[in-house]
Each structure stands twice: as C-alpha cells, then as structure tokens.
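Read-outs throughout are calculated quantities, based only on the coordinates presented, and are distinct from any laboratory measurement. Because the structure is predicted, anything quoted here is derived from the model rather than measured. When we count neighbours, we look across all protein chains shown, and the Cβ atoms used for this are built from the backbone with ideal geometry, even at glycine.
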Amino acid sequence: MSSEVTKPDEVALRARLSTLVQEHRDLDAAIDALGEAGAGDQLALSRLKKRKLQLKDEIAEINTALLPDIIA
C-alpha cells in the first residue's frame, strides 16, 4: 500500500493543519488566562489541557503524513 499523499490530499491536510495549529494556540492562551484568573475551575482547565493534547497528537499525525520518513 502506498503512503504517498496526493496533491489534493496534501492541500486539504495543510489546511486542516493550519486550523489545528491555530486552535492549539488559542487553547494555550485560554489555559494561561484561566490559570492567571485563579478561577479555581480545575475541571474546565483539565478539559482544555486534554483537548490541547488531542490537538497535538492530530498535528503530529498530519505532519507525519506530509513528511514521511525517508530511509537514507
């Protein structure tokens, strides 16, 4: 099975990657703001951090698809 990404797929993956990276940054800012506010809402903070980790994993998967390992 070929793991090559076709041009239309690459364009879609890059668009998705851009969206995920922006959401990851937004979550980072939200986590910082919630932490600084000292609101004490640990459940909300935990959910934001969990979502941020999910995004990180998805970003890594897309990067792997776009830049496959090349055995030299």
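Send over the Kirkwood Rh of region 7-63, from the inverse of the averaged 1/r over different Cα pairs, rounded to one decimal Å. Working shown, then result.
Working: mean 1/r = 0.0815 Å⁻¹.
Final number for the Kirkwood radius of region 7-63 is 12.3 Å.
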Take the chain, connect every pair of alpha-carbon atoms lying under 10 Å apart with a spring to form a Gaussian network, then pick out the residue of Asp41, Asp57, Asp26 with the largest mean-square fluctuation.
Asp41
Near Lys50, which aspartates and glutamates are there with a Cα under 15 Å away, not counting those fewer than 8 places off in the same chain?
Glu23, Asp26, Asp28, Asp32, Asp41, Glu58
Can you compute 3J(HN,Hα) from phi for each residue in region 5-11, using the Karplus curve 6.51 cos²θ - 1.76 cosθ + 1.60 with θ = phi - 60°, rounded to whole Hz and x for Gly and Pro?
9, 6, 4, x, 5, 4, 4
Loop GluC sites (Glu not before Pro), region 1-69, which have at most 13 other Cβ atoms in a 10 Å radius of their Cβ (DSSP)
Glu4
Only Cα pairs under 8 Å and at least 6 apart count here; give the relative contact order of the chain as a rounded whole percent.
47 percent
Simple spin-label estimate for Arg25/Thr6, 7 Å along Cα→Cβ, in nm, reads 3.2 nm
Going fewest to most other Cβ atoms within 10 Å around each Cβ, Leu67, Leu34 line up as Leu67, Leu34
Principal-axis tilt of helix 42-66 within the chain, Cα atoms, nearest 10 degrees:
10 degrees
